[in-house]
Amino acid sequence: MIDKNYINSIIKDGENPTHEEIQIILDKASKRIKLSHLEISMLMSAHEETQVKEIYNIAGKIKQEIYGERVVMFAPLYISNYCVNNCKYCGFRRDNNFPRKKLNQEEIKEQAIQLEKLGHKRLALEVGESPKETPIEYVLESIKTIYDNSSIRRINVNVAAASVEDLKKLHDIGIGTYILFQETYDVDAFKEMHPASIKGNYNYHLNSFDRAFEAGIEDVGGGVLFGLADYKFEVLSLIIHNEYLEEKYGCGFHTISVPRLKKAEGMSLEDYPHIVTDEEFKRIVTVVRLAVPYVGIILSTRETKEMREELIDHGVSQVSAGSKTDVGGYHDEIEEAAPDQFELSDERSVMEVTKGLIKSGYIPSYCTACYRKGRTGDRFMKLAKSGEIGLICEPNAIMTLTEYIMDYGDKEMMALGLEFVYEHAETIKNQTVKGKLKENIKKIINGERDLFF
Ligand code: SAM
Ligand code: SF4
């Protein structure tokens with residue numbers, strides 16, 4: 001699926017596009033017409049300032065048309081930093097010498113409760129790879145512990161490349177999205193970054209989503225760790241991977257994550273010649289938005305508040321908030337911290353991020369209804385492409401935000417948030433939905449929970 005020579009030739013052919021060529025591509029993109037590989041390559045090489053601004057604007061417009069004001073909220077939960085792999089960029093790699101930690105079920109329950117107290121309903125479960133310490137049974141038990149003991153309603157799982165058999169078990173226990181970053185699609189860089197390890201098998205890693213679909217999982221989340229290889233190569237590969245999945249399974253990525261390489265214990269950013277600049281990073285996100293308009297784009301707290309705010313305006317649809325990347329990182333008291341997987345750049349609390357979004361006119365959404373109502377895989381994509389999803393998601397986002405305000409809001413949030421949800425409810429065009437929504441907001445204020453369309 002990933003042909004290095006082909007992709008490199010497309011990058012070369014796309015260098016130095018003319019003003020007219022870019023205008024034609026922008027026109028196509030703004031009508032949401034599928035772009036060719038060469039067109040995507042050209043967009044990444046566009047150099048005229050006004051045209052670059054236009055790329056950002058169209059990405060923002062597409063995001064607005066498809067997602068409205070909604071921004072989905074989640075948090076990562078690290079349950080073990082045992083790892084048999086030696087990924088050069090990662091603080092958890094086996095050569096890093098520190099006391100390893102894996103949470104027991106009681107501690108996982110405690111973490112879930114802490115996350116619930118922050119208002120989260122959706123998690124990304126993060127686990128290092130260690131067949132001995134954290135076999136699939138441990139992951140399954142942990143998922144069950146979280147679902148049984150908290151109001152967390154969707155657990156997306158970011159575990160190592162797994163077998164069909166293990167993926168079936170994950171599917172059966174009811175995970176949300178199966179997330180796995182390819183890290184880099186460049187086979188040579190992949191081998192260099194993953195020396196002598198289970199993860200070092202490029203093809204096994206690349207074919208993970210084929211196994212996931214075979215196992216019955218319908219929502220898969222791809223991603224690249226930007227900074228390991230040429231970003232243009234990575235973006236084109238992501239798009240080609242998505243096309244491959246769409247063609248073969250009728251459904252591509254549910255989400256794409258765009259983590260950027262950060263400083264971690266035992267590595268120096270100076271050793272990475274492909275680090276992407278802020279401008280390049282913005283181009284990556286906006287071009288991905290134009291190339292795959294319906295795919296969720298996830299941005300983590302690896303990025304600064306300023307970068308996150310700017311990219312939410314131009315394509316990002318999901319953000320993590322209040323994140324900790326150390327094992328057992330969510331607690332009330334200050335405890336001796338376990339090592340972080342990497343450094344974070346946005347350390348604001350969930351409440352601060354939520355308020356910030358509201359003040360900018362966005363609806364922070366704690367909704368998990370689609371997954372629970374079986375709107376996954378191609379059924380979700382069909383709804384998204386027809387625009388019908390907005391009719392469901394917008395009221396659901398407003399209701400879950402109302403829950404958040406009532407359960408976790410401080411004085412400022414109460415005042416700011418409740419006015420905001422009523423204002424937004426008024427903008428719903430479908431009168432039946434609007435009426436039901438306003439009724440439900442009242443019910444939530446009076447104590448009812450978990451209402452959704
Ligand atoms: N261990 C599993 C794996 O590697 O697929 C689970 C996910 S790992 C805990 C989460 C992700 O963190 C990795 O896939 C990698 O892309 C990212 N990561 C590792 N080191 C990083 C760094 N220094 N900066 C930013 N992201 C990093
Ligand atoms: Fe282990 Fe994942 Fe870190 Fe690699 S990225 S060292 S597999 S935790």
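Summarising the strand pairing of the chain, around 5 percent of its internal DSSP beta bridges are antiparallel. Ranked for footprinting exposure by Cβ neighbours inside 10 Å, fewest first, GLU412, GLU280, GLU218 give GLU412, GLU280, GLU218. Equivalent ellipsoid of the chain: semi-axes from √(5λ) of the C-alpha gyration tensor, largest first, are 31, 29, 20 Å. Stretched out straight at 0.36 nm per residue, the stretch from GLU426 to LEU269 would grow longer than its current Cα-Cα span by 51.6 nm. Among GLU388, GLU49, the order by Cβ neighbours within 10 angstrom, fewest to most, reads GLU49, GLU388. Overall shape: prolate for the range 386-445, with the ratio a/c of the largest to smallest alpha carbon gyration tensor axis at 1.5 or above and a/b above b/c. Overall, the anisotropy analysis places the range 61-213 in the oblate class: the square-rooted eigenvalues a ≥ b ≥ c of its C-alpha gyration tensor yield a/c not less than 1.5, with a/b not exceeding b/c. Projecting label points 7 angstrom from Cα along Cα→Cβ for THR277 and ASP378 puts them 4.4 nm apart.
Among the aspartates and glutamates, which have Cα under 13 Å from the Cα of LYS355 when same-chain residues fewer than 8 positions away are ignored? Hits, sequence-local ones excluded: GLU309, ASP410, GLU412, GLU419. What the Cβ-Cβ distance of LYS248 and MET414 gives, at R0 = 60 Å and to the nearest 0.05, is a FRET efficiency of 0.75. Counting neighbouring Cβ atoms within 10 Å and putting the fewest first, the residues ASP219, ASP340, ASP407, ASP148 line up as ASP148, ASP407, ASP340, ASP219.
Each Cα pair under 8 Å and six or more residues apart adds its separation to the average, and for the range 207-356 the resulting relative contact order is 21 percent. Treating r as the C-beta distance of GLU106 and SER9 and R0 as 56 Å, the FRET efficiency rounds to 0.50.
Of the trypsin sites (Lys or Arg not before Pro) found in the range 75-169, those that fall in a DSSP loop while having at most 15 other beta-carbon atoms within 10 Å are LYS132.
None of the figures in this text is laboratory data; all of them are computed from the coordinates on show. This is a predicted model, so every value here is computed, not measured. Reconstructed Cβ throughout: ideal geometry from the backbone, glycine too, with neighbour counts over all protein chains shown.
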